[in-house]
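Single-structure report; data block below.
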Amino acid sequence: MTEPKPERRRASGRSVIATIFRLLVLVLIAVPVTIGLFAFAWPLEAEREWIRAQRFWRHTLADFNIALPGTPDLSDLNGRLASHGLAVGNPIFMRIFKREFELELWMMRDGRFHRFATYPICKWSGELGPKIKTGDRQAPEGFYTVDSKALNPNSSWHRSFNLGFPNAFDQAHKRTGSFLMVHGGCGSIGCYAMTNPVIDEMWSLVTAALRGGQQRFQVQVFPFRLTEHNLSRHANSPQAAFWSGLKPGYDLFEARHVPPKVSACGTKYAFAPGAEGSDGSTPVEASCPATP
């Protein structure tokens, strides 16, 4: 039996390589097209899968002590502050967006808040939507205030501060749960985990603001940015009415960059514009705004 001639072997090798190349091209085309069709046909289920994927790869990066994409230069806090005209000790304000896996930290300058940093969240648990009861593993959504009593420098998750769930609104809805935190590490059963290096930087700004005279700082927690487009995408969600009830408070801050005054009027959130220079220290209590 004779061996194939060299040119035949080369032709056969080229054919195999060409076949593999064509398959790779098909895969590279088919995968994004399939994902796109899935997202178009079932957008909310696609969103859930995207959130699951985010949790997986963020946790993987944290396991290898790799900074999450979007993490600011934590080694140059003073330089970053100076570039914004800010200083350690200025009053602070925070917003959390679940779907985007982002925590914004704002700092006061000239009577209004300016966004200083956007930190990537390593992990939050549950689905988009509020926390309802103990054990549901949901991370809360709503309006909270944090004072010095809520800080835990010796947390089992490195450092942490308690959001103060349940607030007056949650209590009006008989929602239960406790110890819902923003903390270090990358694990969560109802909390927002930021990794240790990020919580260390946040901690320095939080503690300095509270030492500097801010009684408490406001934390607004949303499922996503409450634009009309995003709300319309989720119009059929069981949480649509709850999210629509958060939007007036979201809009007040978006318009003026001053934290609104927030209260629970019966079973609904009530909002009033914050006064110029307000640092958001007013607690969320059960009261209804005075009617003219």
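So Leu226 fits all but one of (1) touching a Pro at 6+ places or on another chain (Cβ under 9 Å); (2) closer than 18 Å to Met94 by Cβ; (3) open to solvent by less than 30 Å² (accessible area, probe 1.4 Å); (4) of a type in the set (A, V, I, L, M); what number is the exception? The single condition Leu226 does not satisfy is (1).
Which of the residues that make up the stretch 147-156 are part of a helix (DSSP H, G or I) and crowded, with 16+ Cβ neighbours inside 10 Å? The one that is part of a helix (DSSP H, G or I) and crowded, with 16+ Cβ neighbours inside 10 Å: Ala150.
Contact map, the stretch 181-204: first residue free of Cβ contacts under 8 Å to residues at least 40 places away in the same chain, second residue open to solvent by less than 10 Å² (accessible area, probe 1.4 Å) and aliphatic (A, V, I, L, M), Cβ cut-off under 8 Å, separation 6 or more or different chains; pairs are Met181/Leu163; His183/Ala193; His183/Met194; His183/Ile199; Gly184/Ala193; Gly184/Met194; Gly184/Val198; Gly184/Ile199. For Lys133, state whether it is without any contact (Cβ under 8 Å) to a residue 60 or more places away in the chain, open to solvent by 10 Å² or more (accessible area, probe 1.4 Å), part of a helix (DSSP H, G or I) and closer than 29 Å to Cys265 by Cβ. So Lys133 fails the test.
Applying the set (1) open to solvent by less than 20 Å² (accessible area, probe 1.4 Å); (2) closer than 26 Å to Asn90 by Cβ; (3) over 17 Å from the mean Cα position of the chain (by Cα) to Phe169 leaves exactly one unmet item: (2).
Quick check, is Gly177 open to solvent by 10 Å² or more (accessible area, probe 1.4 Å) and not hydrophobic (A, V, I, L, M, F, W, C)? So Gly177 fits the description; yes.
Quick check: is even one residue across the stretch 157-164 touching a Leu at 6+ places or on another chain (Cβ under 6 Å), open to solvent by less than 10 Å² (accessible area, probe 1.4 Å) and over 23 Å from Ser287 (Cβ atoms)? Yes; the residues of the stretch 157-164 include at least one that is touching a Leu at 6+ places or on another chain (Cβ under 6 Å), open to solvent by less than 10 Å² (accessible area, probe 1.4 Å) and over 23 Å from Ser287 (Cβ atoms).
With the checklist (1) surrounded by fewer than 16 Cβ atoms within 10 Å (Cβ to Cβ); (2) outside any loop (DSSP other than H, G, I, E, B); (3) within 19 Å of the chain's Cα centre (by Cα); (4) among the charged types (D, E, K, R) in hand, flag the one item Arg95 doesn't pass. (1) is the only condition that Arg95 fails. Among the residues of the stretch 54-92, those identified as touching a Lys or Arg at 6+ places or on another chain (Cβ under 8 Å) and assigned to a loop (DSSP other than H, G, I, E, B) are Leu68, Pro72, Asp73, His84, Gly85, Leu86, Gly89, Asn90. Of everything in the stretch 98-115, what is out of contact with any helix residue (DSSP H, G or I) (no Cβ under 8 Å at 6 or more places or on another chain), surrounded by fewer than 18 Cβ atoms within 10 Å (Cβ to Cβ) and assigned to a strand (DSSP E or B)? Give them in sequence order. If the condition is that a residue be out of contact with any helix residue (DSSP H, G or I) (no Cβ under 8 Å at 6 or more places or on another chain), surrounded by fewer than 18 Cβ atoms within 10 Å (Cβ to Cβ) and assigned to a strand (DSSP E or B), then Glu102, Glu104, Arg109, His114, Arg115 are the ones that fit. Among the residues of the stretch 250-273, is there at least one that is more than 26 Å from Asn152 (Cα to Cα), touching an Asp or Glu at 6+ places or on another chain (Cβ under 9 Å) and of a type in the set (Val, Ile, Thr)? Within the stretch 250-273 (the criterion being more than 26 Å from Asn152 (Cα to Cα), touching an Asp or Glu at 6+ places or on another chain (Cβ under 9 Å) and of a type in the set (Val, Ile, Thr)), the answer is yes, since at least one residue qualifies.
Scan the stretch 116-124 and give yes if some residue there is among the β-branched types (Val, Ile, Thr) and open to solvent by 30 Å² or more (accessible area, probe 1.4 Å), otherwise no. Looking through the stretch 116-124, at least one residue is among the β-branched types (Val, Ile, Thr) and open to solvent by 30 Å² or more (accessible area, probe 1.4 Å).
For the stretch 269-292, the tally of residues that are touching a residue at least 40 places away in the same chain (Cβ under 8 Å), surrounded by 12 or more Cβ atoms within 10 Å (Cβ to Cβ) and over 10 Å from Ala168 (Cα atoms) stands at 4.
The values are calculated or read from the model by the stated rules, or taken from the named source; none is laboratory data. As the structure is a computational prediction, the values presented were derived from the model and not from experiment. Glycine gets a Cβ as well: all are built from the backbone with ideal geometry, and neighbour counts include every protein chain shown. Only protein heavy atoms, including side chains, enter the accessible area calculation; ligands, DNA and RNA are left aside. Shrake-Rupley method; radii C 1.70, N 1.55, O 1.52, S 1.80 Å.
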